[in-house]
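I have placed the structure first, in the form of structure tokens, so that the comments after it can refer back to it.
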Amino acid sequence: MYKTDLHLHTTHSDGNLSPSELIDLCYENGLRHISITDHDSTEGIEESINYSIKYPDLEIIPGIELSTDFEGAEIHMLGFYINYKNKDLQKVLKDFRDGRQNRAYSIVEKLKSFGIDISWERVLEISNKGSVGRPHIAQAMVEKGYIKYPKEAFEKYLGRDQIGYISRTKFTPEQSIELITKYDGIPVIAHPTYIVQKSAQPNKDLEKILSKLKIAGLKGVEVYYNDYTKDQITSLLKISQKLDLIPCGGSDYHASGNPNEIIPGTVGPPVECLVELKKIRHPF
Ligand code: AMP
Ligand code: ZN
Ligand code: FE
Ligand code: FE
């Protein structure tokens, strides 16, 4: 039923399936247009495009997901059709990944002071030398029996308000929009409800944030996302129409090992989303 999923992770960041494993799963589940959107990395895209030759009716949309700092919270920015072959872009992404590595090392050290002893080498191994993130640390903690599921690590240790949290230097949302646009990508804000969870008037605040980012060059917003309810989708769709932002979406699948994970093929935007993205994509 769902043909499009524009938010997927692989082993090149914190996903647990390689690009080829992910592509097989997506195709078997009926998807025909997918975007690989690893955190701060486009390393999985060429492999994905090459592997997709196996499926002539499968379209791979090059993508990325950048984490940004926003008023004590985070905004994640997706970039569709980004020119991943550009060397200057790759230099910036490498810097982000180096920052991730330093931060993950510091988190592992901090956890030691709380009696949680996981090995840095093991975290690096799990991360497959890709873009290291907290889920890799969480997985090492599962392996050592400190927790049952990766998400427990976030609830008890690694989440923003928990004892093992350490931040890292990130772009602002505006800078990420600028970077994505500079390298021919279409900036789309990911899982928008996560930014204003603590707010009393989430929709009003979200509308304000999105209209500010629209001025900075934002082109779309994730409306059909992961486990969003019908009501959430309806309200986000309304905001996207009001602000003239393209309603996008996807599963944000990681093969995380957490219970009840949303599987690719069970959520996604209508085909009009891709039509709209293609209208404004950089000509090549
Ligand atoms: P990082 O890139 O190191 O900041 O880690 C962020 C990633 O951790 C997200 O992309 C998700 O894959 C995962 N994540 C964030 N919050 C949670 C949570 N509460 N439970 C499980 N995974 C999470
Ligand atoms: Zn992730
Ligand atoms: Fe995200
Ligand atoms: Fe994601």
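The values are calculated or read from the model by the stated rules, or taken from the named source; none is laboratory data. Just so you know, these numbers come straight off a predicted model, no measurement behind them. No Cβ is skipped: glycine too gets one built from the backbone with ideal geometry, and neighbour counts run over all protein chains shown. The protein model used for the area step is the full one, side chains on, heavy atoms only, and it has no ligands, DNA or RNA in it. Shrake-Rupley method; radii C 1.70, N 1.55, O 1.52, S 1.80 Å.
Beta carbons closer than 7 Å, at least 6 apart along the sequence or on distinct chains, pair a first residue in region 129-140 that is more than 8 Å from ligand 1 (Cβ to nearest atom) with a second that is of a type in the set (Lys, Arg) for Ala140/Arg122.
Taking each residue of region 32-47 that is closer than 15 Å to Phe96 by Cα and looking for partners that are modelled with pLDDT under 95 and open to solvent by less than 10 Å² (accessible area, probe 1.4 Å) with beta-carbon atoms closer than 9 Å, six or more apart or interchain, yields nothing.
Here Gly115 meets each of (1) open to solvent by 40 Å² or more (accessible area, probe 1.4 Å); (2) closer than 27 Å to Pro19 by Cα with one exception, condition (2). Filtered by the rule that a residue be open to solvent by less than 10 Å² (accessible area, probe 1.4 Å), outside any loop (DSSP other than H, G, I, E, B) and more than 11 Å from ligand 4 (Cβ to nearest atom), region 1-31 gives Thr4, Asp5, Pro19, Leu22, Ile23, Cys26. Among the residues that make up region 213-229, is at least one of them aromatic (Phe, Trp, Tyr) and away from ligand 3 (no atom under 16 Å from the Cβ)? There is no residue in region 213-229 that is aromatic (Phe, Trp, Tyr) and away from ligand 3 (no atom under 16 Å from the Cβ).
Residues that are aliphatic (A, V, I, L, M), loosely packed, with under 15 Cβ neighbours inside 10 Å and modelled with pLDDT under 95: does region 71-87 have at least one? Within region 71-87, one or more residues are aliphatic (A, V, I, L, M), loosely packed, with under 15 Cβ neighbours inside 10 Å and modelled with pLDDT under 95. Looking only at region 32-48, which residues are part of a loop (DSSP other than H, G, I, E, B), touching a helix residue (DSSP H, G or I) at 6+ places or on another chain (Cβ under 9 Å) and open to solvent by less than 40 Å² (accessible area, probe 1.4 Å)? Hits for region 32-48 are Asp38, Asp40, Ser41, Thr42, Gly44.
Total residues in region 221-237 satisfying the condition of being surrounded by 14 or more Cβ atoms within 10 Å (Cβ to Cβ) and either in a helix (DSSP H, G or I) or not assigned by TED's automatic domain parsing to the domain that holds Glu276 (or both): the figure is 5.
Scanning region 247-274 for residues that are surrounded by fewer than 15 Cβ atoms within 10 Å (Cβ to Cβ) and outside any loop (DSSP other than H, G, I, E, B) returns Val271, Glu272.
Residues are listed down the side, and each one gets a yes or a no for (1) outside any strand (DSSP E or B); (2) free of Cβ contacts under 8 Å to residues at least 24 places away in the same chain:
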site: Asn50; (1), (2): yes, yes
site: Ile61; (1), (2): no, no
site: Leu66; (1), (2): no, no
site: Met77; (1), (2): no, no
site: Tyr84; (1), (2): yes, no
site: Lys91; (1), (2): yes, yes
site: Ser106; (1), (2): yes, no
